[in-house]
Each structure stands twice: as C-alpha cells, then as structure tokens.
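Take a look at the structure set out below.
No value in this document is a laboratory result; all are computed from the given coordinates. Keep in mind that what you see is a predicted model, and the values were worked out from it rather than measured. Quick reminder, even Gly has a Cβ in these numbers, built from the backbone with ideal geometry, and neighbours come from all protein chains shown.
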Amino acid sequence: MTQRWPWTVLLLLSLGVILPQFLVPLALPPGTLHAPVSVSFDRPETWPYAFGAMVCHQRPDRSFSLRENQLPVCERCLAIELGMTLAFGAAALVPPPPGFFASLGHFLPRRLRGRAGVLTAGIALVLPMVLDGGLQLVTPYVSTTPVRVLTGLLYGVGQGGLAIGVVGWLTALAARWHRRVPPKPS
C-alpha cells in the first residue's frame with residue numbers, strides 16, 4: 001500500500017510557502033508593500049518578501065498586486081509555485097507508487113509510463129518557460145502576463161514532478177533498506 005504522508009508533507013510545505021504570499025498583502029493596509037521591501041526580523045510581514053528576493057527579481061511591472069500591495073514574487077514565479085502546489089496536491093490525493101519513474105508515470109497515460117515517456121513529458125512541461133525566458137534574454141521580445149503565467153504553471157508542474165520523483169525514489173530506497181535491516185534481538 002502506498003503511503004500518503006510523504007505527499008501530504010510536500011503539499012503542506014508548498015502551502016506554507018505560497019499562502020503567506022497572498023495573506024500578507026491582503027492583511028496590510030492598501031499601498032503598504034512594494035518590492036524591494038526592507039526586511040526585518042521584527043516584522044514578520046516582510047518575511048515572504050525576503051524569501052521572494054532569494055528566488056525572484058520582484059519587478060513591480062511583472063508582479064501582481066492585492067489591495068495595492070505587490071506580491072512577494074513576480075507573475076511567473078507565482079505560477080511556478082502554484083504549479084508545484086498542484087502537482088503536490090495531485091500526489092497527496094492519489095499517492096503514487098515508490099520509485100522515481102513509477103511515481104512520475106503514475107500521472108501519465110499508460111503508453112507514456114516508461115522512462116522515455118516520463119522524460120518526454122518532463123521536457124514538454126519545462127521547455128516552454130525555458131524558451132520564453134531565453135528569448136526575452138537574447139532578443140527584444142517581451143512576453144505577456146498570460147504567457148508568463150502559463151509557462152510558469154507548466155514549469156511548476158514539471159518541477160513539482162521532479163520533486164515527486166525524488167521523494168518516490170527515496171521512499172523506494174527506504175523500503176528496500178527497511179527490508180534488509182535484521183530485526184533487533186529480544
């Protein structure tokens with residue numbers, strides 16, 4: 001029987017990252033926060049912005065706002081986090097079997113459940129954001145908000161899938177190790 005707890009832990013960790021990014025801008029008076037935020041240990045409302053600064057450029061022109069308060073990460077980073085949360089939610093609802101490719105293939109049609117299918121699906125999820133971001137880096141092209149959100153969401157599902165695969169591999173490894181450990185003498 002597949003255990004649900006590793007997937008629930010991933011989902012809860014993901015929610016622990018993403019929920020404060022919505023709650024803090026909603027809780028503060030309108031127009032209070034705009035990145036970059038002066039981070040202080042004395043002000044917990046700045047902590048999501050400190051985390052955001054570690055992973056995101058936080059450009060105001062590419063960030064959503066709630067109640068006139070800028071969210072801690074840009075549109076694409078927020079979509080990546082949402083995509084990962086969706087992937088972890090799927091794994092918590094329908095726990096995949098142990099093993100890297102087995103856990104990832106669990107969410108694909110039967111004909112794609114082999115290694116080649118899993119790798120193809122992973123590349124298909126990640127490639128749109130890599131292309132969109134790469135084009136912006138080397139050409140005058142600037143993507144739109146819907147493109148950044150869609151490519152970020154796909155990338156987040158792919159990145160979440162990678163984390164699911166790693167956890168699936170670790171659970172398979174732990175199960176093998178547990179079977180090999182001799183019982184303690186009484």
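At-a-glance table
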{"item": "Neighbour net charge for ALA79 - beta-carbon separation under 13 angstrom, K R +1, D E -1", "result": "0"}
{"item": "³J(HN,Hα) computed for each position of segment 91-106 - Karplus, 6.51 cos²θ - 1.76 cosθ + 1.60, integer Hz, glycine/proline x", "result": "5, 6, 6, 10, x, x, x, x, x, 4, 6, 5, 5, 6, x, 4"}
{"item": "Magnitude of the charge dipole, segment 5-180, Cβ model with Lys/Arg +1 and Asp/Glu -1, debye to 20", "result": "920"}
{"item": "The chain: calculated mean residue ellipticity at 222 nm from DSSP helix runs of at least 4, using -39500 (n - 2.57)", "result": "-21500 deg cm²/dmol"}
{"item": "Most mobile of ARG148, ARG62, ARG176 in a GNM of the chain (Cα contacts under 10 Å)", "result": "ARG176"}
{"item": "Loop-located chymotrypsin sites (Phe, Trp or Tyr not before Pro) in segment 40-106, at most 11 other Cβ atoms within 10 Å (DSSP)", "result": "PHE41"}
{"item": "Under-5 Å amide H pairs with LEU71, H placed in peptide plane, nonlocal only", "result": "PHE64, SER65, LEU66"}
{"item": "Cα shape, segment 5-180, gyration tensor, a/c 1.5 rule", "result": "oblate"}
{"item": "Candidates GLY105, GLY134, GLY117: whichever shows maximal mean-square fluctuation once the chain is modelled as a Gaussian network with Cα springs under 10 Å", "result": "GLY134"}
{"item": "Estimated vicinal HN-Hα couplings, Hz - segment 76-83 in sequence order (Karplus 6.51, -1.76, 1.60; Gly, Pro = x)", "result": "5, 5, 4, 5, 4, 4, 5, x"}
{"item": "Residue list for segment 85-109, given a label point 7 angstrom along the Cα-to-Cβ vector of ARG176 and an amide N cut-off under 15 Å", "result": "98-103"}
{"item": "Residue-wise HN-Hα coupling along segment 52-68, computed from phi with Karplus coefficients 6.51, -1.76, 1.60 (Hz; x: Gly, Pro)", "result": "x, 5, 6, 10, 9, 6, 6, 5, x, 6, 10, 10, 7, 10, 10, 6, 6"}
{"item": "Highest-fluctuation residue, GLY158, GLY122, GLY114 considered, GNM on the chain with Cα pairs under 10 Å", "result": "GLY114"}
